[in-house]
Amino acid sequence: MTATLTAAELDSADPLARLRDAFHLPGELYLVGNSLGALPKSAPDYVTTEFERWATLGVEGHFTGELAWKDYHALVSDQLARLVGAGRDEVVAMNGLTVNLHLLMISFYRPTPKRHKILIEAHAFPSDHFAAESQIRQRGFDPAQSLVTLAPRPGEETLRVDDMLATIAELGDELALVMLPGVQYYTGQVMPMATLTEAGHAVGAVVGFDLAHAVGNIELDLHDWNVDFAAWCTYKYLNSGPGGVAGAYVHRRHVNDQTLPKLLGWWGTNPSTRFEMATDFDAIDTVESWQLSNAPVLAMATLRASLDLFDEAGGIGALRSKSERQIEFFDRRLDEVIGDRVINITPRALEERGCQFALRVTAGDGKRVFDALEGARVLCDWREPDVIRVAPVPLYNSFSDIERFVQILDGIVQ
Ligand SMILES: *Cc1c(COP(=O)(O)O)cnc(C)c1O
């Protein structure tokens, strides 16, 4: 359908085009929502509301009205649940992403002398690598024996599903935990989460995903895929702003399992008795029992602003279908205008990619090309060793943004 249409034609046929006006978009072109999502114009109002409540209610703001701060985290539970394909009892907004990975590994990485290995990717985001490595040490094991990494075949960019499944099967009863990304941060490859979960479970391992680059980008069905746990940040595709509050998911079959080891805090205990200040922990029977501290309300207010815009767009399904049209259009224009001066190392099949393109310049020096893009105020990002990441985000990027990017890139890589 997009085969011959121009960017302007595609924009005028796009029912979501008007949402662009709901965001501040810095620079000439903002194509870096995979790193820091754009600011919703409504976000300051959501924060101001909390300032006003604080100014007028003071401490009573914790208990007053629909926005009572003691339950503020729960205001986003339904919205997050829809984005990841889970029930509201299975998701919670709390902490930062790496913090949540640690809290969840404390519960779900339970090594024994026989079964102690964690499978991650060789090119995992460093924080995920550090988290897994330090969890292994913390339990008295040695990362040299217990941390197993998956790499693409020599000369290839992305992981083959068959290789991942073969590694899981080979590790068998030594494999304690599979912890992979939903979408790989460098290549943009979407992992086959349902298949990997099934394979991990088949050998008796627990399976968790880091959804930093997946949430708000692709459709997810964590509950039906049977994923044990997941965590994500919200400042990328969910536009919560720098250092925004992260999310966590635990499958319903585990949320009320009191045998799981867990770090405890007062926000995980029954809210109806919490303020009696007793010291018997009465775990909330949802994933909220993993909460430690009271919610950072001011930071969560910006997240609410953005999640309301996801609802206005009609949810992730509607956004993903626009995104697929944008991916096809971007592919087509790169083929037509840029040709082999740049290669995209992201998989070509739609089901194996989100909106991020990982471009490697073959005609000249990639870093110089990136610097020239920056000089033209095209905001995208450079990831060592040699990739320019560009992400047209369906919530606020237009087909015309993609066209302009291709034209500017063409001017630079002459
Ligand atoms: C962005 C990102 C992080 C960042 O971690 P924080 O704890 O939010 O600072 C971690 N892992 C992956 C895979 C990411 O993409």
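The values are calculated or read from the model by the stated rules, or taken from the named source; none is laboratory data. None of these values were measured; they are calculated from a predicted model. Cβ sites come from the backbone with ideal geometry, for glycine too, and all protein chains shown count toward neighbours. Protein only, heavy atoms only, side chains kept; ligands, DNA and RNA dropped before computing areas. Shrake-Rupley method; radii C 1.70, N 1.55, O 1.52, S 1.80 Å.
Can Ile408 be described as open to solvent by less than 40 Å² (accessible area, probe 1.4 Å), in contact with a Leu (Cβ under 9 Å, 6 or more places away or on another chain) and β-branched (Val, Ile, Thr)? Before the answer, list the steps.
Values: open to solvent by less than 40 Å² (accessible area, probe 1.4 Å): no; in contact with a Leu (Cβ under 9 Å, 6 or more places away or on another chain): yes; β-branched (Val, Ile, Thr): yes.
Against the criterion (open to solvent by less than 40 Å² (accessible area, probe 1.4 Å), in contact with a Leu (Cβ under 9 Å, 6 or more places away or on another chain) and β-branched (Val, Ile, Thr)), Ile408 does not qualify.
Output the qualifying pairs, or none if there are none: Cβ atoms under 6 angstrom, residues six or more apart or on different chains, first residue in the range 284-308 and touching a residue at least 40 places away in the same chain (Cβ under 8 Å), second residue open to solvent by 40 Å² or more (accessible area, probe 1.4 Å) and not in a helix (DSSP H, G or I).
Close Cβ pairs (under 6 Å, with a partner that is open to solvent by 40 Å² or more (accessible area, probe 1.4 Å) and not in a helix (DSSP H, G or I)) amount to Asp285/Asn256.
Select from the range 86-107 the residues that are within 9 Å of the ligand (Cβ to nearest atom) and in contact with a strand residue (DSSP E or B) (Cβ under 7 Å, 6 or more places away or on another chain) and write down the one among them that is most open to solvent (accessible area, probe 1.4 Å). Working first, answer last.
Of the residues in the range 86-107, the ones within 9 Å of the ligand (Cβ to nearest atom) are 95-101.
Checking which are in contact with a strand residue (DSSP E or B) (Cβ under 7 Å, 6 or more places away or on another chain) leaves us with 97, 100-101.
Numbers: Leu97: 23, Asn100: 0, Leu101: 1 Å².
Among them, the one singled out is Leu97.
For the list (1) in contact with a helix residue (DSSP H, G or I) (Cβ under 6 Å, 6 or more places away or on another chain); (2) within 13 Å of the ligand (Cβ to nearest atom); (3) open to solvent by less than 30 Å² (accessible area, probe 1.4 Å), I need the number of the one condition that Asp128 fails.
(1)
Just for the range 384-414: of the residues that are closer than 17 Å to Thr187 by Cβ and in contact (Cβ under 8 Å) with a residue 60 or more places away in the chain, which one is nearest to the chain's Cα centre (by Cα)?
The residue in question is Ala391.
From the list Tyr249, Tyr237, which residue is within 13 Å of the chain's Cα centre (by Cα) and farther than 17 Å from Asp128 by Cα?
Tyr237
If you go through the range 366-389 one residue at a time, do you hit one that is among the small types (Gly, Ala, Ser) and at pLDDT below 95?
yes
In the list Pro385, Pro394, which residue meets the criterion of being buried (at least 23 other Cβ atoms within 10 Å of the Cβ), over 18 Å from Gly27 (Cβ atoms) and out of contact with any Gly (no Cβ under 8 Å at 6 or more places or on another chain)?
Pro394
For a quick check of your reading of the model, give me the residue pairs whose first member lies in the range 85-99 and is assigned to a strand (DSSP E or B), whose second is open to solvent by 20 Å² or more (accessible area, probe 1.4 Å), with beta-carbon atoms closer than 8 Å and at least 6 apart or on different chains.
Cβ pairs passing all conditions: Val92/Thr286; Val92/Glu288.
Residue under question is Gly366, and the condition is that it be among the small types (Gly, Ala, Ser), over 20 Å from Asp11 (Cα atoms) and open to solvent by 50 Å² or more (accessible area, probe 1.4 Å); does it hold?
Against the criterion (among the small types (Gly, Ala, Ser), over 20 Å from Asp11 (Cα atoms) and open to solvent by 50 Å² or more (accessible area, probe 1.4 Å)), Gly366 does not qualify.
Can you say whether Ala278 is assigned by TED's automatic domain parsing to the domain that holds His73, open to solvent by 40 Å² or more (accessible area, probe 1.4 Å) and either at pLDDT 95 or above or not in a helix (DSSP H, G or I) (or both), as far as the supplied structure shows? Don't jump to the end; show me each part of the working.
On the way: assigned by TED's automatic domain parsing to the domain that holds His73: yes; open to solvent by 40 Å² or more (accessible area, probe 1.4 Å): yes; either at pLDDT 95 or above or not in a helix (DSSP H, G or I) (or both): yes.
Considered against the rule, which asks whether it is assigned by TED's automatic domain parsing to the domain that holds His73, open to solvent by 40 Å² or more (accessible area, probe 1.4 Å) and either at pLDDT 95 or above or not in a helix (DSSP H, G or I) (or both), Ala278 comes out as yes.
Just for the range 155-187: of the residues that are more than 16 Å from the ligand (Cβ to nearest atom) and β-branched (Val, Ile, Thr), which one is least open to solvent (accessible area, probe 1.4 Å)?
Ile168
Among the numbered criteria (1) open to solvent by less than 40 Å² (accessible area, probe 1.4 Å); (2) touching a residue at least 60 places away in the same chain (Cβ under 8 Å); (3) outside any loop (DSSP other than H, G, I, E, B); (4) away from the ligand (no atom under 16 Å from the Cβ), which single criterion is violated by Gly61?
(2)
Among the residues of the range 223-241, count how many are near the ligand (Cβ under 10 Å from one of its atoms) and either open to solvent by 10 Å² or more (accessible area, probe 1.4 Å) or not in a loop (DSSP other than H, G, I, E, B) (or both).
Going through the range 223-241 one residue at a time, the tally reaches 4.
When the residues of the range 139-189 are filtered to those that are of a type in the set (Asp, Glu) and not in a loop (DSSP other than H, G, I, E, B), which remaining residue is farthest from Ile118 (Cα to Cα)?
So, considering only residues that are of a type in the set (Asp, Glu) and not in a loop (DSSP other than H, G, I, E, B), the one farthest from Ile118 (Cα to Cα) is Asp162.
When the range 191-206 is examined, which residues are found to be buried (at least 24 other Cβ atoms within 10 Å of the Cβ) and within 16 Å of the ligand (Cβ to nearest atom)?
Met193
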